[in-house]
Every structure is written in structure tokens, then in C-alpha cells.
Amino acid sequence: MNGPFETLRRPDGVSRRDLVVGATLVGGALLVGCSPADLMSAGSKVEPGAFGPFIQFDPDGAVTVLSKHIEFGQGNHAGLAAIVAEELDADWSRVRVVHAPANAKLYGNSTAGIQLTGGSSAISNSWEQLRKAGAAARAMFVQAAATRWNVPVGQVTVKDGVVAHASGKSAGFGELIADAAKVTPPEAPTLKDPKTFTLIGSDRVRRKDSLIKSTGAARYTQDVQLPNMLVAMVAHPPRFGASVKSFDADDARKVAGVVDVYEIPTGVAVVADTTYAARMGREALKVEWDEGKVETRSSATIAQQWRDIAAGKGPSDLKWEAFDSKGDAAAASAGKGASVFETTYDFPYLAHATMEPMNCVAIVDGSKVKLIHGSQAQTLDQMNAAKIVKTLPGSVEIETLFAGGSFGRRANFPSDYVAECVAIAHKVGGGRPVKLVWTREDDMRAGFFRPLVHHAVRVTLDKDGYPATWRHRIVTQSIMKGAPMPSKGPDQTAIEGTAGSPYLKATPVVDAQLALPEGGVPVLWWRSVGATHTAFVMEHTIDQLALKAGKDPVDYRRALYAKIGPEGERHLAVLNLAVEKAGPAPAAGFTRGVAVHESFGSVVAQVAEVKLVDGHPRVGRVVTAIDCGVAVSPDQVAAQMEGGTCYGLSAALYGEITLTDGKVDQSNFDTYRVLRMNEAPTVETHILPSGNPPSGVGEPGTPVIAPAVANALLALSKTPTTRLPFVRAEA
Amino acid sequence: MTSMLDINGKTVAVKAAPETPLLWVLRDELGLTGTKFGCGMAQCGACTVHVNGDPVRACVTPIAALSGAKIATIESLGGAHPLQQAWVKHDVPQCGYCQSGQIMSAAALLAQTKAPSDEDIDNAMSGNICRCGTYQRIRAAIKDAAGLTAATAVAAPAAQGPGKSVAANDIDDDIAAASGSTSRGVGQ
């Protein structure tokens with residue numbers, strides 16, 4: 001631990017670790033000798049309790065589970081609490097869940113390395129951790145009871161929150177807290193044999209928040225009201241990359257309720273006593289923008305450039321990265337005649353369009369910062385806030401609230417809306433709370449869209465009609481480019497799902513490459529990330545290949561899965577389950593389409609029944625089968641399949657953000673159409689039994705419906721779908 | 001300037017200017033934050049309240065238009081309304097942000113149509129967006145609250161086992177048996 005930082009040692013009691021972090025913040029360099037979690041939690045006052053960071057007990061024995069993950073719809077809080085309650089043998093009706101504070105070291109996502117909810121990992125990355133936490137706490141209560149009753153530990157039982165001995169002695173958790181808290185937690189507590197689970201996997205694992213979300217009592221960022229709080233709205237530039245040249249706030253300041261107007265890095269902020277006053281004040285602002293460095297392309301231009309790049313007509317300095325290659329690559333480009341299948345696909349920008357537009361509450365008092373918001377990536381939010389205020393990231397306190405959806409939007413590398421709020425609260429200063437409110441228009445035009453993507457596919461079939469060679473080109477903007485610590489190799493968020501596809505595994509010659517041209521539009525993960533387009537490309541291509549080969553698409557998939565042996569077994573199992581549960585025939589007037597896709601460790605198969613209504617696809621029944629390992633909450637797995645299907649179908653039918661000369665054309669739900677009640681499918685969910693640890697659920701239900709619908713339309717009309725959405729906005 | 005409004009059975013004096021949308025008066029001035037802001041132009045239904053019993057989008061309704069009208073918000077339902085009980089029983093909410101508006105639209109529907117058809121539900125509810133896609137559970141919960149589910153309820157889902165099935169339209173019996181349902185709302 002010697003080195004350049006020795007010179008940073010100071011005699012004022014500031015720890016060396018904190019100085020290292022300070023140096024990191026100033027210099028932007030990654031430092032050796034401290035773990036990233038050390039760096040990111042430096043300055044934190046968050047400490048674990050006697051029973052660890054995840055479990056607290058009330059004096060009456062009620063259990064509180066601290067969730068390191070935000071609940072914004074996925075049902076993860078129910079699942080996380082159930083994992084603890086199972087190993088703890090708690091009374092499920094007396095278990096509640098709260099959001100944990102922010103601390104990268106205590107509450108880091110073991111998949112991501114920072115405190116972040118994403119990648120459908122809430123349950124999977126917590127599985128071992130929370131089982132151990134529950135089992136350790138249980139062991140502490142057992143030990144405390146054994147000592148108090150002077151009986152062997154092995155004779156003490158726990159059931160539904162009651163610790164007991166055959167002699168008739170018993171005590172609730174509440175009566176034993178003080179003693180149990182003094183017991184040294186076991187380092188390797190004994191976990192239950194999953195066969196003995198009584199809560200996990202049962203229909204008792206239901207949401208804990210349904211009532212407060214049905215009465216209006218659940219608290220979201222939008223609902224935060226604090227004494228002396230100001231509400232802020234920001235005038236943003238019409239094009240990405242612009243900055244403020246000048247502004248005239250005279251009229252804005254005359255609006256009743258407007259308190260002040262500030263220039264901030266992202267625009268001009270109006271702060272007021274009420275939301276309505278802030279909005280009226282913003283409307284009265286006059287801002288001139290410096291557009292020297294803006295994105296001026298239209299989305300149609302960008303799409304054409306992506307197509308040109310895939311066709312080999314791109315700029316000569318653009319690099320192609322191979323992400324799957326085997327056999328003779330030249331063979332994948334060669335071959336002519338009837339055995340060749342060739343097509344391209346275009347996917348538009350997509351907005352997340354959460355029900356609750358982005359918002360944040362920040363309180364800045366000198367170097368003290370508190371954030372109150374639906375934080376999806378607490379560590380990123382801490383680091384970005386700390387940079388603005390010049391403090392230690394761990395010292396940034398975050399109270400995480402429910403969020404009205406996110407679908408990925410609330411976690412991004414610059415913490416866009418959070419940083420904006422902190423910048424305003426920093427200007428206001430004095431510890432006065434500021435609530436930043438984005439309108440729907442702000443939200444829809446701010447970018448961080450699912451990127452525009454182009455795929456070009458060329459497949460030759462062997463004499464039996466199966467892929468012999470597969471050439472694949474993907475062109476898109478990189479999501480991971482803005483990462484503080486970029487990973488090596490091709491951007492996985494652009495290729496996942498094509499990379500790793502069972503169909504590429506089953507093809508002897510593969511030449512798959514990725515190009516990532518620059519773009520000025522902020523892009524981001526969007527529920528199911530790469531699978532939003534790769535699932536469509538792979539699954540719709542397969543049906544077209546089956547059609548070309550004269551084979552049934554379900555049998556065609558089965559044959560391809562069989563070619564790769566054990567690696568295809570889970571795909572085959574969910575496909576068979578979905579097909580079996582769908583039964584022999586669709587409802588009258590409907591045509592079926594099938595798709596299967598693995599994402600976030602889970603494999604989902606869907607049989608969708610589709611008909612055309614006024615020329616547009618209408619989806620009826622959707623039979624879903626999923627292999628997600630152990631299903632902690634079968635009901636919430638079903639809920640995510642229902643919701644994920646609607647989210648994917650909404651985008652497939654209507655989702656499209658377009659730009660004209662760099663300006664986003666859409667602004668609200670009148671121009672960005674989304675799925676409504678009368679268009680919603682009926683989703684049935686069938687869970688494949690599994691003894692594997694849990695895998696993702698929040699996202700894997702999203703990407704399968706679009707290709708399933710496209711495949712139904714292909715069966716219906718023999719017309720392939722080469723671009724989404726199915727229904728274009730009226731021009 | 002003060003306006004008098006009849007909200008949830010009480011007459012209240014509000015300071016906001018007459019052109020102010022009801023939504024912001026409810027939320028910012030009266031602290032009734034159950035009514036949500038989603039779009040600001042009557043496109044999403046998150047701000048649905050009742051005005052003289054009819055569903056109305058509070059985000060585009062200036063308070064000047066509400067003199068003498070009886071306004072009811074989600075807070076007026078109290079938590080034990082049959083729709084709220086059905087919402088809990090079916091675990092309808094995901095993120096939950098749209099659900100106040102969904103329930104207010106559904107409450108207006110049931111007040112006028114005791115036994116709504118699927119088409120009635122589509123017509124009444126298609127102005128309310130749910131980005132989490134809880135539509136099929138909303139439909140099931142409305143039918144349940146209307147007492148329409150007995151005929152359509154199918155087998156309850158089993159615990160995890162071979163080919164386990166959970167079709168949300170089919171979960172009524174099981175939850176009814178398991179619930180007493182208030183305990184599932186405890187917490188948070």
C-alpha cells in the first residue's frame with residue numbers, strides 16, 4: 001500500500017482511504033490497493049446491524065428485510081423477503097421490506113459490483129447472500145434460546161417466528177432479540193435443503209405492497225413534500241449536445257411563485273414554490289442555445305448510414321469486431337443460388353416511457369448531500385452527485401423510494417436527471433430541498449433511448465435444410481461506451497442473444513461481427529437490452545429458414561436444439577412445454593407463432609395467437625413457458641411474464657422514436673403510442689420445474705413476443721417482417 | 001384569490017389561481033398525492049378523479065370549472081372498497097404508479113354498470129395506460145369486484161411442481177382461500 005498516495009497523508013484525521021477516493025474524484029484515475037467498493041463507499045456512515053445488513057427485528061418480533069434493490073414493479077421485494085423468511089423460519093405475515101440505504105460495500109450487486117438493480121439480477125445475485133443472512137440470524141436465535149433454556153442447540157426448533165423446545169419452552173423473536181444480538185454470527189450457517197422449502201416456490205409469496213399501491217399511499221419521488229421545498233423545472237435544448245448561449249428570465253421571474261432561475265450544465269432551471277408555478281415560469285423563459293456541437297441527423301439518415309455500414313459502404317476507419325467466428329468465414333459470404341437466405345432488419349429508437357416521468361429530490365448543504373428518489377443505481381448516483389458537490393461518494397445519503405417504472409431508464413452512467421437535480425440544489429444551497437420534476441415531454445425527449453439497430457443476415461442451408469453457414473452483421477450505437485470502466489471485447493449489450501444463440505452453435509460456419517458507429521443521441525439499456533432486437537432477428541430468421549426448408553418451425557427448432565446436445569436442452573424443454581400447454585389449435589380466426597429466447601439466464605418460449613384487425617396485428621392468447629431456475633414467487637414470475645409481454649408487444653406494435661434534423665419528433669403519449677387495455681393479450685405462464693438457482697425474470701418475458709407475432713404473420717401471409725414497429729405512426 | 005372546492009365530502013378553500021389544473025391543487029396544495037401526474041394532457045389517465053361521479057382527468061381540468069362540483073379522489077375510497085380489495089387479492093399493481101387512476105376509472109365504471117362486459121371494460125379503461133402491463137389482472141380484478149368471477153374461476157395454481165401453471169385470470173379461488181388479504185398489504 002505504498003506509492004504515490006503516501007504523499008497525500010494528512011494529519012487532520014482524514015483517513016487515507018478517503019484521501020484516495022478524493023484523489024480519484026479529482027484525477028479521475030483508477031487506483032490500486034483499495035477495492036472499488038472501498039472507494040465507492042468511502043465517507044459512508046451506513047453500518048450493518050447486529051443481524052447483518054439485511055435483517056432487522058422489531059421488539060414485537062416483526063422482521064424487516066432491507067432490500068438493496070429498488071422495487072419499481074418487478075416484485076423483487078416479495079422474493080427477496082421470502083428468501084430471508086424461508087431460511088429464518090419467520091412468520092411471513094410479519095415480514096416487511098424496506099429499501100436499504102446506499103452503500104456499495106454492504107449493498108453492492110454481486111453481479112455488477114456496485115449498488116444497482118439491473119440485468120434481472122435482484123433475486124439471482126441475492127440468492128446465496130440472503131439465504132445465508134436468514135440462516136445466520138436463525139442460528140443466532142437458536143443459540144440464544146439454547147443458552148437461556150440450558151438445552152442443546154440441536155433440540156431447538158424455529159417455526160413461523162417462534163423458537164421452541166420439546167420441553168414446552170418457547171419464545172418469539174422479539175423476546176430473544178437482546179440475547180441473540182450478542183451471539184457471534186456463524187460464518188457458514190447451515191442452509192436448508194431446497195426440498196424442505198415451505199415458503200419459497202409457494203403461492204404464499206405474494207407482493208407486500210399491493211394495498212398501499214391501491215390506495216394512493218405508496219410514496220414515489222413525485223409525492224415527496226418537505227418543509228420549505230422548492231420545485232424545479234428545466235428548459236432543455238431541442239437538440240442533443242447543445243448548451244445555453246444566453247437566456248432572458250425577466251418574464252419567468254414575474255410568474256407568481258417563481259423563486260429563482262439558474263443556468264446549469266443541462267439548461268436553465270426555474271425553481272418555484274409549486275410544480276405549476278415552475279412550469280409556468282419555464283414557459284415564460286427565453287433561451288438561446290449554442291448548437292455548435294449538436295446531433296443534427298434525422299433518424300432516417302442514421303438508419304440509412306447503419307444500413308450502408310452493414311453493406312460494406314461505411315467509413316473506412318470504422319472498426320468491425322468479430323464476436324463469433326468458426327470455420328471458413330469466406331464460405332459464409334460465398335455460396336449462391338437456392339440455398340441462400342438473405343435479409344436485413346431495422347429497429348428504431350425506443351423510449352422507456354415510464355409512467356412516472358424522471359424526477360429527483362436533492363438537499364445540498366455545503367458538502368452534505370441527501371437524495372430522495374427512485375434510485376436504480378445508487379452507487380452511480382452517489383458518484384455523480386459527489387463529483388458536483390466535491391465530496392466523497394459514500395457520504396452522499398440516498399433514501400430510495402418506489403419508482404413508477406424504470407425499465408432501465410433510471411440507471412445510467414452520468415445519472416442524468418439526478419445530476420441535474422443536484423446541480424440545482426447545489427445552486428440553491430443551504431440545505432433547502434429541491435424537487436426536480438420532468439414533464440412527460442422532458443422525459444420523452446431526453447434521450448437515453450434503446451439505440452437504433454440494424455442487422456444483416458445471410459444464411460446458407462445444407463442439403464437437409466439446416467444452416468450450413470451464417471453471416472451476421474450488427475450495426476448500432478454502443479450503450480457501454482460511457483461506462484466509467486469499459487470492459488474489454490465487443491459491447492455485449494449490442495450482441496447478446498445473437499452471441500450465444502443456439503442456432504449459431506448449431507451452424508458449422510459462422511462469421512458474426514459488430515460495428516459501433518458514433519452517435520450524438522444518448523442511448524441506454526431498455527428492458528431486456530440486446531435481446532430487444534437479437535431475439536427478433538434470430539427467432540424470425542429461424543421461421544423464415546424453416547419456411548424455405550419446407551419444415552414446421554417448431555420441429556425445425558427442435559432439430560437445431562438437438563444438434564447442440566445438452567446446451568439445447570433448456571430451450572427444447574420450454575418449447576415443448578409451451579407447445580403442449582397451448583394445445584392442438586388456436587382460437588377461431590387466430591394464427592399461431594412461436595418464439596424461444598434465452599436472456600438473463602432464463603429461457604422463455606411463447607406461443608402467440610394473432611389475427612389481423614384492420615390490417616394490424618391483434619394478439620389474443622399467449623402461452624408462455626419459462627425456465628428460471630427455482631421460482632421464488634411463482635405468482636410474481638407470472639406477473640413479470642404478463643407485464644414483460646405487454647411491454648415487448650407495445651414496442652413491437654407501436655414503439656418508435658424518430659428525429660427530424662436532430663430533434664425528437666415525439667413528445668407525449670399522443671405521438672408515442674403504447675399498448676392499452678383493449679389491445680392487451682391474455683398471458684398464461686407455465687414454469688418449468690428446476691432445482692437450479694434462480695435466474696432472471698423481470699426482462700426475459702419482454703423480447704419473445706415480437707418475433708412470435710412476426711412468425712404468426714409469416715404463417716398467415718407468408719410475408720416476413722423486416723422492421724419494427726409493426727404499426728407505423730401516421731405520417 | 002381563494003376558491004372553494006368540494007373534495008372528498010369536505011369543502012376546502014384553496015389559494016391556487018383559477019386556471020390551475022386540479023391535479024396540482026390536489027397534490028401540491030392539499031397534499032392528496034394519490035392522484036398521479038403522468039402526461040399533463042389527458043393521455044394516460046394516471047390523474048383520474050371523479051367529478052360528480054364521472055371519471056375526469058385532473059391534469060387538464062382547471063379548478064375554475066369545478067365550482068359546486070363534487071370531487072372525489074382515490075383517498076376517498078378508503079382502502080376497503082371492493083375494487084381495492086380485488087386489486088390486493090389479484091396482486092394487480094407492479095410499479096403501482098398508474099393504479100390510483102385505474103381504480104378511479106374502474107370505480108366509475110362499476111357505479112354505472114354493475115356487470116360490465118369485456119367490451120365495457122375496454123371502453124372504460126382504455127384511457128388509462130399501464131406501462132407495467134397489468135391489464136389482464138386489472139380486468140380480472142374488476143370482474144371479481146363486480147362479482148362476475150365465480151362462473152369463470154378455474155383451478156388454483158399449485159405450488160411449484162411439474163408443469164406448474166399460473167394463469168392470472170385463474171387465480172381467484174386460491175387467493176380467496178389464502179387471503180384474508182389484509183395481511184398481504186402490511187409492510188413497506
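Data overview
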{"item": "At least 24 Å along the helix axis (C-alpha) and Kyte average at least -1.0, DSSP helices within chain A", "result": "A:122-149, A:531-549, A:634-654"}
{"item": "C-alpha center-to-center spacing [region A:341-383, region A:238-271] in angstrom", "result": "22 Å"}
{"item": "Region A:655-699-region A:70-110 distance, computed between alpha-carbon centres (Å)", "result": "26 Å"}
{"item": "DSSP-defined beta bridges in the protein assembly as shown - what % are antiparallel, rounded to 5", "result": "75 percent"}
{"item": "Label-point separation, A:Asp273 to A:Lys551 (7 Å along Cα→Cβ), nm", "result": "7.3 nm"}
{"item": "10 Å Cβ shell holding at most 14 others, DSSP loop, GluC sites (Glu not before Pro): longest site-free stretch of chain A", "result": "A:188-517"}
{"item": "Long-range HN-HN contacts of A:Tyr349 with modeled amide H, under 5 Å", "result": "A:Leu452, A:Ile657"}
{"item": "DSSP beta bridge pairing in region A:48-217, given as percent antiparallel to the nearest 5", "result": "70 percent"}
{"item": "Under 19 Å from A:Lys563, Cα to Cα: lysines that are on another chain or at least 8 residues apart", "result": "A:Lys326, A:Lys463, A:Lys505, A:Lys551"}
{"item": "Inter-label distance for B:Ala13 and A:Ala715, nm, one decimal - labels placed 7 Å from Cα along Cα-to-Cβ", "result": "6.8 nm"}
{"item": "Calculated FRET efficiency for the pair A:Ser167/A:Lys254, C-beta based, R₀ 56 Å, to 0.05", "result": "0.10"}
{"item": "Within 10 Å of each Cβ in A:91-97, the average number of Cβ atoms from other chains", "result": "3"}
{"item": "A:Lys286 versus A:Thr184: modelled label distance in nm, points set 7 Å from Cα along the beta carbon direction", "result": "7.5 nm"}
{"item": "Rounded to 5, percent antiparallel among DSSP beta bridges of region A:453-717", "result": "70 percent"}
{"item": "If the convex hull is drawn through the Cα atoms of region B:2-76, its volume per residue in Å³", "result": "73 Å³"}
{"item": "Cross-link table A:Lys105/A:Lys132; B:Lys10/B:Lys143; A:Lys132/A:Lys581; B:Lys10/B:Lys36, entries beyond 25 Å C-alpha to C-alpha", "result": "B:Lys10/B:Lys143; A:Lys132/A:Lys581"}
{"item": "For residues of B:14-21, the mean tally of beta carbons on other chains within 10 Å", "result": "3"}
{"item": "Cleavage-rule hits (trypsin sites (Lys or Arg not before Pro)) in region A:370-408: DSSP loop, at most 14 neighbouring Cβ within 10 angstrom", "result": "A:Lys390"}
{"item": "Length-normalised contact order for chain A - Cα pairs under 8 Å, 6+ apart - percent", "result": "14 percent"}
{"item": "Relative contact order for region B:1-84, counting Cα pairs under 8 Å that sit 6 or more residues apart, in percent", "result": "34 percent"}
{"item": "Lysines whose Cα lies under 16 Å from that of A:Lys370, excluding same-chain neighbours fewer than 8 positions away", "result": "A:Lys45, A:Lys387, A:Lys390, A:Lys427, A:Lys435"}
{"item": "In order through region A:477-493: 3J(HN,Hα) via Karplus (6.51 cos²θ - 1.76 cosθ + 1.60), integer Hz, x for Gly, Pro", "result": "8, 6, 6, 7, 4, x, 5, x, 10, x, 8, 7, x, x, 5, 4, 5"}
{"item": "Additional length obtainable on full extension of the chain from A:Gln155 to A:Leu612, 0.36 nm per residue less Cα span", "result": "157.9 nm"}
{"item": "Net charge over other residues, Cβ less than 9 angstrom from the Cβ of A:Pro238 (K, R count +1; D, E count -1)", "result": "+2"}
{"item": "Table column - 3J(HN,Hα) (Hz), region A:347-358, Karplus curve with 6.51, -1.76, 1.60, x for Gly and Pro", "result": "10, x, 5, 10, 8, 6, 6, 5, 4, 8, x, 4"}
{"item": "Cα gyration tensor shape of the protein assembly as shown, rounded if a/c is under 1.5, else prolate or oblate by comparing a/b with b/c", "result": "rounded"}
{"item": "Residue mean of other protein chain beta carbons inside 10 Å, B:42-55", "result": "2"}
{"item": "Extended-chain gain in nm, criterion 0.36 nm per residue less alpha-carbon gap, A:Lys45 and A:Lys368", "result": "115.1 nm"}
{"item": "Computed E for B:Met1/A:Arg219 - FRET, C-beta separation, R0 41 angstrom, nearest 0.05", "result": "0.85"}
{"item": "Cα centroid separation - region A:448-483 against region B:3-21, whole Å", "result": "57 Å"}
{"item": "Relative contact order for region A:87-145, counting Cα pairs under 8 Å that sit 6 or more residues apart, in percent", "result": "39 percent"}
{"item": "log₁₀ of I(q)/I(0) at q = 0.07, 0.15 Å⁻¹ - region A:453-717, Debye sum with one point per alpha carbon", "result": "-0.24, -1.16"}
{"item": "Packing rank of A:613-625, B:41-53, A:308-320, A:443-455, where each peptide gets the mean count of other beta carbons within 10 Å, highest leading", "result": "A:443-455, B:41-53, A:613-625, A:308-320"}
{"item": "Förster radius 60 Å - calculated FRET efficiency between A:Lys245 and A:Lys192, Cβ distance, rounded to 0.05", "result": "0.40"}
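Every read-out reported here was derived from the displayed coordinates using simple, explicitly stated rules and does not represent laboratory data. If you're wondering where the values come from, they're calculated on a predicted model, not measured in any experiment. When we count neighbours, we look across all protein chains shown, and the Cβ atoms used for this are built from the backbone with ideal geometry, even at glycine.
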